[in-house]
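K.L.:
Pasting in a structure now, in structure tokens, and then I'll have a few things to ask.
The values are calculated or read from the model by the stated rules, or taken from the named source; none is laboratory data. Because the structure is predicted, anything quoted here is derived from the model rather than measured. Reconstructed Cβ throughout: ideal geometry from the backbone, glycine too, with neighbour counts over all protein chains shown.
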Amino acid sequence: MSSEMRKERDDPGSGSKGRTLSRFIPVALVSICALYALSKLRPPSHDGDFDLTTFGQLPVQQKGRVKPLDTVARNALLVMRGKQTVPDGPEASYFEKLFYGKKSPRYLTAIEWFAELTLRPTKADKYKVFRIDHPEVLGLFGFEPGKAKYFSFNDLFHSTDIENLRKKQDKILKEVNDYVSDNPDASVKDKEEMRERLIPQYEDAQDKLDSLMAKVTQIERAIRSIKLGEDLNRNNQIDDGEDLNQNGKLDPGPDSKKYTPYQRNLGHLYDAVTLYDQLKNSLFPHAGVHLLGYSYSKEIEALSFHKEISDGAIEKLREELLASGALENESKLMEILSKKPKAMELIQADQSLKASKPFLRGQARFAPLGIVAPASYKGTVSIENGSDKLTADGEPLGEFLEGEDLNHNGQLDPEEDLNENGKLDQSHVKIGSYSPLDGIWRENQLREKLIKSVDGGATATLTNEHNGRDWIWDALFYLSFAGMAFLLFKVLKRKGSLAFSTSIALLLFATLSLTWIVLFGPTSATVSNGSLHHINWASLSGSLLESRADSGTGKIDPTLMSYAELSNSYQDGDHTKFNAVVKTLSEDFEKVAPSQWHDFKNRIPEHMFNGAQPFVTCMALYLIALILVFLSWLIWQEPMQKSAVGIACLALAFHVVGLVVRIWIQGRPPVTNLYSSAIFISLGAVAFGLIFERIYRNGIGTAAASIVGFLSLLVAHNLAMDGDTMEVLQAVLDTNFWLATHVVCITLGYVAMFVAGILGILYVLRGLLDSRFDKKTARSISSMIYGVTCFAVLLSFVGTMLGGIWADQSWGRFWGWDPKENGALLIVIWSAILLHARWGGLAKDRGIAALAIFGNVITAWSWFGTNLLQEGLHSYGFSDAGFIWLRGFIGIQLFFIAIAYVPKGLWRSELGSSLRRRQRENPVKASLSSENSSES
Amino acid sequence: MAVIQIDGQPPFTLRGIFVPLPGGYLLGGLLLANLLVSAAFRYQLSARYAGIWITHGGLALMLISELVTDLTERESIMVINEGESVNYSKDFHLDEFVLIDESDPAKDHVLSIPIDLLEPDSDNPTDSPTLDLAQTDQRFPFMLVVRDFYKNTDFRSPVEGEKSFDVRKSNNSKVKIVPIRQQETFRADEMNFRSAVVELRAKDAPEKVLGEWLASSFFDIAEYRPQRFEHNEKSYRIEIRRKRYYYDFYVQLLDFRFLRYPGTDRPKDFSSDVQINAPGELTRKTRIYMNHPLSLEGNTFFQAGFDSVTEKQTRLQVVYNPGSILPYLGLSLVGLGLTVQFLYHLFTFASRRRKASS
């Protein structure tokens, strides 16, 4: 049956009307999806008059990276709650909404919640932000398993109740004091009566308080006991001296596997609660109950006197008292103090601030956010390529010598090479010319050296004034990109339309060029990271320490005061003032930071990127495309298939833009961690699939594209729960060259393997179930598997060998039989087996499909399994869930392989039906041929 | 043996079922044999097969290179404190028994005996190996008799009347300890502390026992001092320690630095500024840091660790790998072979098309 005839049958309303409709449907569907995707790009709006958009763009430093507050808020919510929004009230399920007419609560965006948390925590403590799943952990807190999943800080630690009880006690004490001071002549009997009345109340409150506190302490102890047994250091990070083995990889350690799920869940909750508590007091200190049993009331008191303290009022007072001789005479001292307004409080504030010093010092160590930007260094050091000169503040420093490093240490040493003004000491620097051949790499190395040299404490800012960069090298690279794009165009043009080939070729060219510009281009990230990246921002407690009159500057930083004003105006509901302060604060940051500071410049794109969530949109679009492809195999072939291809292309475009923006923000090659590898695999698979679609035009390519695209993004989405996806890199990975070559090659190898595997599954499923699956399509799938496996073997081999060279350069040995290395090797071996089986005629189409499906298992193991072997300590919960998912995935693949070997006679498609027909004609001959074919 | 089986370790089982795990020699050998056999029977000596010959030759070379690495590579660790100069590195696993003559004020004279020689024959565990030390080095006129050998040891204080050994702690206080035999461990995170009770006799009067001493690799890392004795007015030290490899040059640690990402304990870079002092050469300074090891006389020194408390001690891993060039050769051959094959196909394809069009 030809495809023309089948189309007629599929299309009941054939004729001109049907044709118009079949042309109209794809256009309409793609347009709707495009509108949907574009609508997601709109920045999220915030209820109320507070300018939370600007608030969300304020820069802070967290975990070594400068990022907008919005990112902090979203990642914190993901870690605690697994979602980026918080409901304002009790949530309603779909069922409840449908049948009981319950209304959904308002959902706060991450930044709205973050504003509540940091600026007005009494309310935020009631939002249900902690997700607890494990029944034993629920039981620890006295919650009934199965009833609720989300809990507020107050639910867990009764912070509001404790606060209320304390207030009540204070009120009683005040009443007593007032009574005594107002009625100095009160009789003993009256006093007695009052005591009898009030003491039981006070003690009652105390009892309740004690029991609550005992409960909280018990829970805290339970949680801490788990954490203490761990090998993690203070910041809950892996200690590299101890836990990394000689390859710089995580040493699983003896006990990593011994944690029970209960302990892991509790450990995760501990992390979430600590993060919550630290973030709460990261912008402004709040009174109230904290996990550490400390309230910031002293700091708040001291802050309210900041002006007096900064003006040296204390010193003046002290001098005055000394001069008058009041210090020897208590009554005289009291007399003088009582005449001076606020003097007593001032002294108290100063003293309490002093008393809090050890606490602040401790807090400064743990502080999650740096909020005060460092003062900038005024001079600049720049590399002028045209003249091969290094200049500091416009003065030449000398010339680079080929093969020789800057100084005897191979680097600029801030202590030695920067003079007392923080400028480069020319006598220490030898500089020479470098040949254009290693120009670009050399220049980047040099920049890295310069940056490394100044982050030891000196505060030099590096700018990169590009006068006369070697344009010829840029030109050569662009030419080669254009060449690659042209080759791709030629290949596609043979089978596909002009428009399609042009757009894909242009897309390739754009992606390569953009990556080139971002990574190695004139505004190179490595240089312009500058000092913001490498110098500690002061945290709230750190800055408070610095502002102390006795040891520090004696002045409270204006940033701190601005955040205090923000908190006050937010609590008062004064949005005009809030908006004004936010605006000034934002502008002040701009003044401190020169525009070339990469992190800083990127906080606004990052804020937009967070809001747009392009990969979530892509995930939805891939799912739609997938459903349409499946529909096309059941009904209405042509319009559904066209729509699916269109939507997949649309999603791919979004995906590319999203990835490029990520690369730009991070200043790194596309793959830096598991999360980004999933994003990249998804993108690569879709690109492969769509190219196949263009060549064979039978929906198979689109199906493979959207399946891998969707599933891989789903994996990425779940990996994002661990926190910041653009985290800074471990020391050994801090090299853009190997990340851009070795890691990208290996990941592309994964892509090719997964595409081949999915094609194998499609072959088996359609062959077995779809009666309209013809031999031509089957052959095309087989060719696709072959082609993509050739890619896989090439990419994996090159990637693995590049890894070997990296290892040899870094550790003096090419190969260490490390699990990740073995995983990569497995992929090379498996794809080589597949190819040899085909060349040697050991496997025919069905065998090839089964081999390709098992490739999925190998690749998943290499991608995740080896990491799971090594992780353990690194992320609680994930390894558990990860192992279950991995096992499930492997089980499903084995199932597909098993059903591939269902006897051909039972296959519903043409692959089996021809056999059945022959069987009817000549049973003996058919049974012989069926044996032959099932050998494959 | 081809199947992975470490001496003394129980065989690998999965839920009680013995699973033979093929080891590297078996697998690598089979792969190599496969390559050779297919080359012998399948590849023709023609231009068409040139690429295949070269590619598979390269693969065979890579397999061989891994064997060479396995047989010749030596990994050890060099621990240096800031300011200190060190000319040796310690093996990760192997121990050695040493007798040190401390009488020369200029330098110690060391007699090193591989630990295996002390181990009694497994067929005859009551046997006491006897070694004539003077045969190896005239400076040590002793006969050594191994009275007891422990593959892994724990220590405790003696109960009354028990035979014990006097050991000095690093603060010079004297303690009595008794070695306890322990099961040998094979876990990556545990160490075996090998110990030996040895008896020394003078070479010239073999009947006279000079004394019995206890040496243990436990003393090497714990705060115990090795046992000492005097003979003919010379003082000697007995130790079991990690096997040391000595170099012609000294590496001096000038400064160790650990850069963190701001606001975190996450490492950004580790680096050791070292000075190389080699006899007859100019003293030179260099820096060893992440991804940038130091290569010296066939050894690669890379930054492997540090003392996380003081951050004033660096640990450099030293890799001696004479076969390091082989994988590059193999790799180049594979690359060349693939290119040749590709070009061959391209040209035949082009000429076929030319024929078809003409």
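K.L.:
Count, please, the residues in the stretch B:221-254 that happen to be within 14 Å of chain A (Cβ to nearest Cβ) and surrounded by fewer than 17 Cβ atoms within 10 Å (Cβ to Cβ). Lay out the reasoning, then the answer.
P.N.:
If we filter the stretch B:221-254 for residues that are within 14 Å of chain A (Cβ to nearest Cβ), which is where we start, we get B:252-254.
Within this subset, residues satisfying the condition of being surrounded by fewer than 17 Cβ atoms within 10 Å (Cβ to Cβ) are B:254.
The number of residues fulfilling the criteria is 1.
K.L.:
Any residue in the stretch A:172-198 that is surrounded by 10 or more Cβ atoms within 10 Å (Cβ to Cβ) sitting within a Cβ distance under 6 Å of a residue that is in a helix (DSSP H, G or I) and of a type in the set (F, W, Y)? List the pairs, counting only those 6 or more apart or interchain.
P.N.:
Here the result reads A:I172/A:Y202, each pair linking the stretch A:172-198 to a residue that is in a helix (DSSP H, G or I) and of a type in the set (F, W, Y).
K.L.:
In the stretch A:166-224, what residues are of a type in the set (V, I, T), in contact with a helix residue (DSSP H, G or I) (Cβ under 8 Å, 6 or more places away or on another chain) and closer than 29 Å to A:G267 by Cβ?
P.N.:
Passing the criteria: A:V216, A:I219, A:I223.
K.L.:
If you don't mind, there's one more thing I want to ask. Which of the strands (runs of 3 or more DSSP E) contained wholly in the stretch A:19-88 include at least 2 residues that are under 19 Å from A:Q278 (Cβ atoms) and in contact (Cβ under 8 Å) with a residue 40 or more places away in the chain?
P.N.:
Numbers: elements: A:59-62, A:65-68, A:85-87.
The qualifying strands (runs of 3 or more DSSP E) are A:59-62, A:65-68.
K.L.:
Taking the criterion of being surrounded by 16 or more Cβ atoms within 10 Å (Cβ to Cβ), of a type in the set (S, T, Y), in a strand (DSSP E or B) and at pLDDT 85 or above, would at least one residue in the stretch B:44-63 satisfy it?
P.N.:
no
K.L.:
Would you pick out the residues in the stretch A:1-31 that are modelled with pLDDT of 85 or more and exposed (fewer than 13 other Cβ atoms within 10 Å of the Cβ)?
P.N.:
Step one: filter the stretch A:1-31 for residues modelled with pLDDT of 85 or more, giving A:29-31.
Matches in the stretch A:1-31: A:S31 only.
K.L.:
Can I ask one more? Please go through the stretch A:808-830 and give me each residue that is assigned to a helix (DSSP H, G or I) and more than 10 Å from chain B (Cβ to nearest Cβ), ordered by number. Before you say what the answer is, go through the steps one by one.
P.N.:
Keep residues of the stretch A:808-830 that are assigned to a helix (DSSP H, G or I), which gives A:808-811, A:819-830.
Passing the criteria: A:P819, A:K820, A:E821, A:N822, A:G823, A:A824, A:L825, A:L826, A:I827, A:V828, A:W830.
K.L.:
Just one of the numbered conditions (1) within 14 Å of chain A (Cβ to nearest Cβ); (2) touching a strand residue (DSSP E or B) at 6+ places or on another chain (Cβ under 9 Å); (3) within 30 Å of B:R168 (Cβ to Cβ) is not true of B:L210; which one?
P.N.:
Evaluating B:L210 over (1) within 14 Å of chain A (Cβ to nearest Cβ); (2) touching a strand residue (DSSP E or B) at 6+ places or on another chain (Cβ under 9 Å); (3) within 30 Å of B:R168 (Cβ to Cβ) leaves (1) as the failure.
K.L.:
Of everything in the stretch A:637-668, what is out of contact with any His (no Cβ under 9 Å at 6 or more places or on another chain) and either on the phi > 0 side of the Ramachandran plot or acidic (D, E) (or both)? Give them in sequence order.
P.N.:
Within the stretch A:637-668, A:E638 is the sole residue that qualifies.
K.L.:
Have a look at A:P121, A:P135 and point out the one that is free of Cβ contacts under 8 Å to residues at least 12 places away in the same chain and either in the same structural domain as A:A73 (by TED's automatic domain parsing) or basic (K, R) (or both). Before you say what the answer is, go through the steps one by one.
P.N.:
Working: A:P121 fails: free of Cβ contacts under 8 Å to residues at least 12 places away in the same chain.
Unique residue meeting the criteria: A:P135.
K.L.:
Please work out which residue is modelled with the lowest pLDDT, limiting yourself to the stretch A:767-785 and to residues that are closer than 16 Å to A:F896 by Cβ and crowded, with 24+ Cβ neighbours inside 10 Å.
P.N.:
Looking at the filtered set, the residue picked out is A:F773.
K.L.:
Residues in the stretch B:216-238 that are touching a helix residue (DSSP H, G or I) at 6+ places or on another chain (Cβ under 9 Å) and outside any helix (DSSP H, G or I): how many? Outline the logic, then answer.
P.N.:
Start the filter on the stretch B:216-238 by keeping residues that are touching a helix residue (DSSP H, G or I) at 6+ places or on another chain (Cβ under 9 Å), which leaves B:217, B:224-227.
Keeping just the survivors that are outside any helix (DSSP H, G or I) gives B:224-227.
Total satisfying the criteria: 4.
K.L.:
Could you tell me whether A:K149 is surrounded by fewer than 17 Cβ atoms within 10 Å (Cβ to Cβ), without any contact (Cβ under 8 Å) to a residue 60 or more places away in the chain and under 27 Å from the mean Cα position of the chain (by Cα)?
P.N.:
Taking the combined requirement at face value, the residue satisfies it.
K.L.:
Only residues that are away from chain B (no Cβ under 14 Å) and among the hydrophobic types (A, V, I, L, M, F, W, C): list them for the stretch A:831-854, please.
P.N.:
Correct list: A:L834, A:A843, A:I848, A:A849, A:A850, A:L851, A:A852, A:I853, A:F854.
K.L.:
Go over the candidates A:A756, A:A703, A:A752 one by one and state the one that is among the small types (G, A, S), outside the structural domain of A:I663 (by TED's automatic domain parsing) and under 20 Å from A:K776 (Cβ atoms).
P.N.:
Values: A:A703 fails: outside the structural domain of A:I663 (by TED's automatic domain parsing); A:A752 fails: under 20 Å from A:K776 (Cβ atoms).
Just a single option satisfies the conditions, and that option is A:A756.
K.L.:
While we're on this one: Quick one: which of A:D557, A:D574 is at pLDDT below 80 and acidic (D, E)?
P.N.:
Values: A:D574 fails: at pLDDT below 80.
On inspection, the qualifying residue turns out to be A:D557.
K.L.:
Is it the case that A:L41 is over 26 Å from A:S569 (Cβ atoms), more than 14 Å from chain B (Cβ to nearest Cβ) and in contact with a helix residue (DSSP H, G or I) (Cβ under 6 Å, 6 or more places away or on another chain)? Explain how you work it out, then say what you get.
P.N.:
Details: over 26 Å from A:S569 (Cβ atoms): yes; more than 14 Å from chain B (Cβ to nearest Cβ): yes; in contact with a helix residue (DSSP H, G or I) (Cβ under 6 Å, 6 or more places away or on another chain): yes.
So A:L41 fits the description; yes.
K.L.:
From the list A:L634, A:L690, A:L683, exactly one residue is surrounded by 21 or more Cβ atoms within 10 Å (Cβ to Cβ) and farther than 25 Å from A:W861 by Cα. Which is it? Even if it seems obvious, please write down each step before you answer.
P.N.:
Numbers: A:L634 fails: surrounded by 21 or more Cβ atoms within 10 Å (Cβ to Cβ); A:L683 fails: farther than 25 Å from A:W861 by Cα.
After ruling out the rest, the residue left standing is A:L690.
K.L.:
If you don't mind, there's one more thing I want to ask. Kindly indicate whether A:T800 is among the β-branched types (V, I, T), assigned to a helix (DSSP H, G or I), within 13 Å of another protein chain (Cβ to nearest Cβ) and within 29 Å of the chain's Cα centre (by Cα).
P.N.:
On the way: among the β-branched types (V, I, T): yes; assigned to a helix (DSSP H, G or I): yes; within 13 Å of another protein chain (Cβ to nearest Cβ): yes; within 29 Å of the chain's Cα centre (by Cα): yes.
In short, yes.
K.L.:
When only residues in the stretch B:67-79 that are surrounded by fewer than 18 Cβ atoms within 10 Å (Cβ to Cβ) and either of a type in the set (D, E) or touching a His at 6+ places or on another chain (Cβ under 9 Å) (or both) count, which is farthest from A:A832 (Cα to Cα)?
P.N.:
The selected residue is B:E73.
K.L.:
Oh, and also: Only helices (runs of 4 or more DSSP H) wholly contained in the stretch A:601-686 count here; list those with 1 or more residues that are within 22 Å of A:G757 (Cβ to Cβ) and in contact (Cβ under 8 Å) with a residue 24 or more places away in the chain. Before the answer, list the steps.
P.N.:
Numbers: elements: A:603-612, A:614-634, A:637-666.
Once the helices (runs of 4 or more DSSP H) in the stretch A:601-686 are filtered for at least 1 residues that are within 22 Å of A:G757 (Cβ to Cβ) and in contact (Cβ under 8 Å) with a residue 24 or more places away in the chain, what remains is A:614-634, A:637-666.
K.L.:
Here is a follow-up. Looking only at the stretch B:282-306, count every residue that is facing chain A (nearest Cβ under 7 Å), over 19 Å from the mean Cα position of the chain (by Cα) and either buried (at least 21 other Cβ atoms within 10 Å of the Cβ) or within 13 Å of B:R257 (Cα to Cα) (or both) and tell me the total. Outline the logic, then answer.
P.N.:
Initial filter on the stretch B:282-306 (facing chain A (nearest Cβ under 7 Å)): B:285-287, B:290-291, B:293, B:300, B:302, B:304-306.
Going one step further and asking which of them are over 19 Å from the mean Cα position of the chain (by Cα), we end up with B:285-287, B:290-291.
Checking the rest, the ones that are also either buried (at least 21 other Cβ atoms within 10 Å of the Cβ) or within 13 Å of B:R257 (Cα to Cα) (or both) come to B:287, B:290.
Number satisfying all stated conditions: 2.
K.L.:
When you go through (1) at the interface with another protein chain (Cβ under 9 Å from one of its Cβ atoms); (2) among the hydrophobic types (A, V, I, L, M, F, W, C); (3) buried (at least 16 other Cβ atoms within 10 Å of the Cβ) one by one for B:I276, which number turns out not to apply?
P.N.:
Exception for B:I276: condition (1).
K.L.:
Has the stretch A:579-597 got any residue that is assigned to a helix (DSSP H, G or I), at pLDDT below 60, within 14 Å of another protein chain (Cβ to nearest Cβ) and touching a Leu at 6+ places or on another chain (Cβ under 7 Å)?
P.N.:
Step one: of the stretch A:579-597, the residues assigned to a helix (DSSP H, G or I) are A:579-592.
Now narrow it down to the ones that are at pLDDT below 60: none.
Taking every residue of the stretch A:579-597 in turn, none turns out to be assigned to a helix (DSSP H, G or I), at pLDDT below 60, within 14 Å of another protein chain (Cβ to nearest Cβ) and touching a Leu at 6+ places or on another chain (Cβ under 7 Å).
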